[in-house]
Structure formats: C-alpha cells, structure tokens
Amino acid sequence: MTTPQMIQSNNSNFGNVILNGVNGYWTMLDSMTVTSSMTITTGTLDTSGTNCGGTSCNITVGGSWITAPGGSFIAQQSSVTFTGSTPLKIQSRGNPFNYITLNGAGSWVLQDTMTVVSTVTLTQGLLNGNGKDITAFHHSVGDLLDLRGVALEVPEATKEPSMFTRFDRYNWLTFAAHDTDEKKEATPPATPPAPPAASRPLPASPRTEASSRSTTETVRGPGPPACQGRR
C-alpha cells in the first residue's frame with residue numbers, strides 16, 4: 001500500500017489492529033479504541049494535527065502496543081491510554097509518545113526505551129521498566145513503577161517540582177507530582193558554609209531537599225534483586 005489512507009471508527013471499537021503495508025500511511029480522522037493490541041508492522045500511523053476538534057486524535061488500547069522495525073507512529077498532540085488487565089508489552093521502537101496514561105489492573109513491560117514528550121500518568125497498574133530507559137518531560141503517578149536497573153530522566157526544562165521516594169528493599173520508585181519540594185537521595189555538597197550558631201539545623205539526613213533541579217535528574221536502580229515483591 002502506497003496511497004495515503006484514512007481511519008475513521010465513528011465510535012465503533014476495533015479488536016486487534018495491525019497496520020502492515022510497505023510505505024503505507026494511515027491518518028486518523030477520529031479517536032480510536034482498540035480493545036486488544038495495536039501492532040504497527042510496516043507503514044506509518046499518524047494521529048493528525050487537527051482532525052479531532054482542531055487537535056490530534058487519541059487512542060485507547062486494551063492490549064499491547066507493538067511497533068515493528070518497519071513501522072512508525074506520529075504522536076502529534078495525541079494521548080494514548082492503556083487500559084489492560086493482564087501482563088502486556090509496550091514497544092515503541094524509538095517513536096515518542098506525546099501523552100501516555102496507564103489506567104488498568106494490568107502491568108506493562110517495556111520492550112525498549114520509551115520517550116514521552118509531554119506527560120506520563122500512571123493512574124492504576126504497574127509500569128515495569130524492564131531495564132529499559134524512560135525519558136518523560138512531566139509525570140503524575142498514582143500507582144507503582146518498577147524501575148529496577150532503569151535510568152529515568154526528567155529533563156531540566158520541565159522545571160516541575162516532584163517528590164522522589166525510594167524503597168531500597170525492592171527498589172521501587174514512586175512520584176507524587178506538584179509537591180513543593182524535590183526529595184531524592186543525593187550527596188551533600190562539599191564543605192557547605194555553616195549557618196549562624198543560633199539557627200544551625202540538625203545534621204542533614206541522607207535525603208536532601210531542593211526546590212528545583214538545574215540539570216537532568218537520572219535515577220538508576222541497582223538491578224533486579226534475587227526476589228521480586230511488591231508493596
């Protein structure tokens with residue numbers, strides 16, 4: 001298939017969607033719900049820039065998201081929402097998402113590195129980094145991220161206050177967005193100036209606080225423990 005094609009669902013759900021056409025190009029005319037898996041084998045899926053009320057069209061996926069080596073995804077300003085209830089996979093093959101929401105009882109295991117150029121929201125479920133790096137420009141998390149052996153980068157340009165909480169036993173890392181301070185494990189600066197005696201604080205704890213980040217923050221887990229558990 002070489003002629004550009006359109007996809008319009010008219011509020012009807014798809015089951016499995018497989019896009020498979022060398023040099024194929026599919027542009028969405030409305031938002032799409034896929035109750036099972038989305039697979040882009042070859043060709044390009046474009047969410048469009050204006051076809052959905054002047055903006056991009058959104059996608060809801062109940063299964064895995066697989067982009068094969070010959071496939072590509074143009075996110076534009078779209079949101080992709082994952083709603084599965086079983087162990088599932090996300091493979092983006094270097095194609096960034098714009099917004100991602102995970103809202104289901106299932107778990108999603110990354111098959112390769114993932115970039116989210118806007119916000120990743122984990123409402124319900126488990127996102128397992130599987131040792132693959134994640135770059136997100138904003139984040140809002142209400143459930144669990146399994147980031148064993150993963151480098152999570154939140155670019156400095158976002159300047160979004162966040163809270164990092166580390167549970168060292170299982171190496172879970174959770175986020176609570178929009179807190180006033182950032183809390184993370186860090187090494188205190190060498191020989192900081194001592195405050196006046198009258199106002200000198202108690203010795204600093206291992207967790208340090210800062211009101212904003214000045215460089216990209218990278219947090220990497222030490223690798224999978226012998227046993228996996230979830231708290």
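Just a few scattered comments:
- The one condition in (1) buried (at least 18 other Cβ atoms within 10 Å of the Cβ); (2) touching a Ser or Thr at 6+ places or on another chain (Cβ under 6 Å); (3) closer than 27 Å to Pro87 by Cβ that Asn16 fails to fulfil: (1)
- Residues of the stretch 43-69 classified as surrounded by fewer than 17 Cβ atoms within 10 Å (Cβ to Cβ) and either touching a residue at least 40 places away in the same chain (Cβ under 8 Å) or part of a strand (DSSP E or B) (or both), total: 3
- Looking across the stretch 77-92, the residues that are buried (at least 17 other Cβ atoms within 10 Å of the Cβ) and not in a strand (DSSP E or B) come down to Gln77, Ser78, Thr83, Gly84, Ser92.
- The set of residues from the stretch 93-125 being farther than 24 Å from Cys57 by Cβ and either assigned to a loop (DSSP other than H, G, I, E, B) or modelled with pLDDT under 90 (or both) comprises Gln111, Asp112, Thr113.
- Those residues of the stretch 33-48 which are more than 20 Å from Trp108 (Cα to Cα) and in contact with a Ser or Thr (Cβ under 6 Å, 6 or more places away or on another chain), in sequence order: Thr44, Asp46, Thr47, Ser48
- Output for the stretch 35-55, where each listed residue is of a type outside the set (A, V, I, L, M, F, W, C) and touching an Asp or Glu at 6+ places or on another chain (Cβ under 9 Å): Asn51
The values are calculated or read from the model by the stated rules, or taken from the named source; none is laboratory data. Values in this document were obtained by computation on a predicted structure and should not be read as measured data. Counting neighbours? That spans all protein chains shown, and the Cβs are built from the backbone with ideal geometry, glycine included.
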